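What follows is a single structure, and I will ask about it in a moment.
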């Protein structure tokens, strides 16, 4: 299978006045194959959501490119671009409470894409909405209800139905489970897995929970302060991390066994993530890295392939 989507040195800055700018995403190059799930992980504020929104055109690109099936997408989307690409690329948003319009009924929310991007009549749209509500584990008669009448897990299912009713090829899942209870998280993850198999979806799955990302993803990409530091097969990255940040990130993942967790030494990452406004020179992880060297504070490492393993790492330990 070939590449479905590819970013080349994708960069997104936000100007905040006084000649200052937030370096949210910096020169990220990532290729995603057809029917592949790529998990994107990192701490809060590392630029994961901004990267996902820039890929689907909700943020314009400061620099770099996004290509879809070999076609370079616009730097800044016009309404006609959203109209053309909505049936190919969609997004499931992080917060199921703020991403649904409280003044619209479920039928209007889920069916809005069909009204805007198809020639289907009202009866046909209503019928398809009923089918999709059933597919995501809700009931067809929920169409007349409003978002406030649903729990968080049910709202996230509505968000999934809204994104997938147009049957896109590529979906950005922006932390679709972080606001949900653990039992509901498993339901939503299993639902996404079923729909992926049934529809042949390609997913960019953004999340904090590394064990969950390992479970659902084919490959894992680790992001720190707007840049990728490690990319590889999900199981290999999780069980054999190469970058010091990936090591401490996975080490901070709690063990499911309480006795093992209590007896484990603390692996919390020391220090604070630097400001994305004043990005330090050299490696961005240098001020928190347990294996820092002098060169790390002077030269920014590039994401390079490692010998003998299917892995790309941005670290001076391997250069």
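With 10 angstrom as the radius, rank 104, 212 by how many other C-beta atoms surround their C-beta, starting from the fewest.
104, 212
Next question. Does anything in segment 273-292 have its amide N under 17 Å from the 7 Å Cα→Cβ label point of residue 298, and if so which residues?
281-284, 286-287, 292
Right, another one. Stretched out fully, how many nm does the piece from residue 167 to residue 119 gain, at 0.36 nm a residue minus the Cα gap?
The span from residue 167 to residue 119 would gain 15.8 nm if fully extended.
When the helix-only estimate is applied to the chain (DSSP H runs of n ≥ 4, each -39,500 (n - 2.57), divided by the residue count), what is the mean residue ellipticity at 222 nm, nearest 500 deg cm²/dmol?
-9000 deg cm²/dmol
Count the DSSP beta bridges whose two residues both fall in the chain, then state the antiparallel fraction as a percent rounded to the nearest 5. Don't jump to the answer; show the numbers that get you there.
Working: 28 of 45 bridges.
Bridges in the chain that DSSP calls antiparallel: roughly 60 percent.
Pop a pseudo-label 7 angstrom from the Cα along the beta-carbon direction at both residue 80 and residue 134 and give the gap in nm to one decimal.
4.0 nm
Give the Rg/Rh ratio for segment 89-238, taking Rg as the radius of gyration of the Cα atoms and Rh as the Kirkwood radius, to two decimals.
Using Cα coordinates only, the ratio equals 0.99.
Just need the relative contact order of segment 221-319 here, percent rounded to a whole number, with Cα pairs under 8 Å and 6+ apart.
30 percent
Sticking with this one: Hey, fewest Cβ within 10 Å first, where do 148, 208 land in order?
Listing 148, 208 from fewest to most nearby Cβ atoms yields 148, 208.
Quick one: if you stick a label point 7 Å off each Cα along the C-beta vector at residue 236 and residue 16, how many nm between them?
With each label point 7 Å from Cα toward Cβ, the separation is 3.8 nm.
Among DSSP bridges having both ends in segment 165-319, what percentage is antiparallel? Round to the nearest 5. Provide the component values of the computation, followed by the final result.
Working: 11 of 16 bridges.
Restricted to segment 165-319, the bridges split so that about 70 percent are antiparallel.
Using all C-alpha to C-alpha distances in the chain, build P(r) with 10 Å bins and read off the rounded percent in each one.
Whole-percent P(r) values from 0 Å outward: 6, 25, 32, 24, 11, 3, 0.
Please give the length that would be gained between residue 186 and residue 112 if that part of the chain were fully extended, namely 0.36 nm times their separation in residues minus their C-alpha to C-alpha distance (nm, one decimal).
So the chain would gain 23.9 nm between residue 186 and residue 112.
Right, here's the next one. Which distance in nm do the two modelled labels at residue 178 and residue 253 give, with both placed 7 Å along the Cα-to-Cβ direction?
Label-label distance for residue 178 and residue 253, simple model: 1.7 nm.
Any idea what angle helix 182-199 forms with the longest principal axis of the chain, computed on alpha-carbon atoms, 0 to 90 degrees, nearest 10?
That works out to roughly 70 degrees.
A further question on this structure: Just the Cα atoms of segment 21-124: what Rg and Dmax do they give in Å?
16.0, 49
Further question: Please identify which residues in segment 232-253 have an amide N closer than 19 Å to a label point set 7 Å out from the Cα of residue 308, following the Cα→Cβ vector.
Residues 232-233, 236-244 fall inside that zone.
Could you state the principal axis extents of the C-alpha atoms in segment 118-175, from the largest down, to the nearest angstrom?
Dimensions of segment 118-175 along the principal axes of its Cα atoms: 31, 29, 16 Å.
Sticking with this structure for a sec: Highest mean first, what order results for 134-143, 65-74, 47-56 on Cβ atoms within 10 Å?
47-56, 134-143, 65-74
Let me ask you something else. Hey, can you rank 169-175, 126-132 by average C-beta count inside 10 Å, highest first?
Going by the mean number of other Cβ atoms within 10 Å, highest first, we get 169-175, 126-132.
Take the Cβ-Cβ distance between residue 65 and residue 141 as r, set R0 to 45 Å, and report the resulting FRET efficiency rounded to the nearest 0.05.
Efficiency at R0 = 45 Å is approximately 0.45.
Each reported figure results from applying straightforward, stated rules to the coordinates on display, with no laboratory input. Remember, it's a predicted structure, so these values are computed and weren't measured experimentally. For neighbour counting, all protein chains shown are included, and Cβ atoms are generated from backbone atoms with ideal geometry for every residue, glycine included.
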